[in-house]
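Chemist: My questions all concern the structure below.
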Amino acid sequence: MIELTHISKVYDGPNKVTALKDISLSIKEGEIFGVIGQSGAGKSTLIRCINMLERPTSGSVLVDGVEMTKLDGNALREQRKNIGMIFQHFNLLSSRTVYENVAFPLELQGMSKDEIRQRILPILDIVKLSDRLDNYPSQLSGGQKQRVGIARALASNPKVLLCDEATSALDPQTTKSILELLKDINEKLKLTIVLITHEMQVIKEICDRVAVIEGGIIIEEGPVLDVFTAP
Ligand code: ADP
Ligand code: ADP
């Protein structure tokens, strides 16, 4: 589903930073793939190179057979409908309700109000926010806010969900419930999930396979049980 081949990323500026060095990864359809590493290791850069929020300096990024690095403008917007993303700090619009936050990306796509309703009410049900549609983000707990983030990401029927430290701002119990929801969505919607985290527990909880990144290099990769089981 996702093929990264010889990806490098150099941030230009007074001091050049090589954030990723010749990374190759293959993520299969339907799996939950984790990338773990310390702060500054390159996790965020790596996950953003999948949807071209960052452009790799060199290398190839295939998502569902499409070469992402060659896309821009409308073609990139169109392909990004296949790639949802959720964030550590949720990135919700504070002046809009739960319903409006989830509807917003579809409005931008020009979808009709009826179509939007039909599309997002079942999604808000899956994330258990049906009784919160008219609340504003400030009236929600952290876990509820992230469930809005998840619903918004699912609204365009993506094949891939990118999770950028999605549970790092949440307490352990809420983290567990969000991870269970992600697992549930992965199974029900056959969604491929890529998540980055600095927390081992997150990887152990839901990932099928994991890559360990350090200094922009993948130093280990494999099934979670192989990588994290002490000999
Ligand atoms: P992580 O997500 O693992 O914390 P990042 O991908 O954010 O790592 O960062 C990897 C390296 O790239 C770090 O050295 C960081 O300082 C640098 N970096 C990240 N974003 C930028 C940027 N926009 N400009 C310059 N350097 C950056
Ligand atoms: P973070 O909090 O993880 O550092 P940013 O605050 O830099 O992320 O947010 C990146 C921007 O990209 C946000 O404004 C967000 O709304 C937008 N965005 C969200 N999902 C996508 C997507 N699938 N593709 C492109 N851009 C997105």
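The values are calculated or read from the model by the stated rules, or taken from the named source; none is laboratory data. Since this is a predicted model, take the numbers as computed values, not measurements. Counting neighbours? That spans all protein chains shown, and the Cβs are built from the backbone with ideal geometry, glycine included. These accessible areas exclude ligands, DNA and RNA; they are computed on the full protein's heavy atoms, side chains included. Shrake-Rupley method; radii C 1.70, N 1.55, O 1.52, S 1.80 Å.
Chemist: Are there any pairs, at least 6 apart or on different chains, whose C-beta atoms fall under 9 Å, with the first in the stretch 1-14 and more than 28 Å from ASN186 (Cα to Cα) and the second open to solvent by 70 Å² or more (accessible area, probe 1.4 Å) and of a type in the set (Gly, Ala, Ser), and if so, which?
Modeler: Pairs that qualify, where the first residue is more than 28 Å from ASN186 (Cα to Cα) and the partner is open to solvent by 70 Å² or more (accessible area, probe 1.4 Å) and of a type in the set (Gly, Ala, Ser): there are none.
Chemist: Continuing with the same structure: When the stretch 34-52 is examined, which residues are found to be near ligand 1 (Cβ under 9 Å from one of its atoms) and not in a loop (DSSP other than H, G, I, E, B)?
Modeler: VAL35, LYS43, SER44, THR45, LEU46, ILE47, ARG48, listed by residue number.
Chemist: Residue by residue through the stretch 116-132, note down the ones that are part of a helix (DSSP H, G or I) and either open to solvent by 20 Å² or more (accessible area, probe 1.4 Å) or modelled with pLDDT under 95 (or both).
Modeler: Within the stretch 116-132, ARG117, GLN118, ARG119, LEU121, PRO122, ASP125, ILE126, SER130, ASP131, ARG132 qualify.
Chemist: Quick check on my filter: what residues within the stretch 53-71 are more than 16 Å from ligand 1 (Cβ to nearest atom), touching a residue at least 12 places away in the same chain (Cβ under 8 Å) and either surrounded by fewer than 12 Cβ atoms within 10 Å (Cβ to Cβ) or within 15 Å of the chain's Cα centre (by Cα) (or both)?
Modeler: VAL63
Chemist: Might you let me know whether the stretch 103-115 holds any residue that is in contact with a Gly (Cβ under 9 Å, 6 or more places away or on another chain), open to solvent by less than 10 Å² (accessible area, probe 1.4 Å) and hydrophobic (A, V, I, L, M, F, W, C)?
Modeler: No: the stretch 103-115 contains no residue that is in contact with a Gly (Cβ under 9 Å, 6 or more places away or on another chain), open to solvent by less than 10 Å² (accessible area, probe 1.4 Å) and hydrophobic (A, V, I, L, M, F, W, C).
Chemist: May I ask you to list pairs of residues, at least six apart or on different chains, whose Cβ atoms are under 8 Å apart, with the first in the stretch 109-137 being closer than 28 Å to ASN74 by Cβ and free of Cβ contacts under 8 Å to residues at least 40 places away in the same chain and the second being charged (D, E, K, R) and exposed (fewer than 14 other Cβ atoms within 10 Å of the Cβ)?
Modeler: If the second residue must be charged (D, E, K, R) and exposed (fewer than 14 other Cβ atoms within 10 Å of the Cβ), the pairs left are ILE116/GLU107.
Chemist: Could you list, in sequence order, the residues of the stretch 176-189 that are open to solvent by 20 Å² or more (accessible area, probe 1.4 Å) and farther than 20 Å from ILE47 by Cα?
Modeler: LYS176, SER177, GLU180, ASP184, GLU187, LYS188, LEU189
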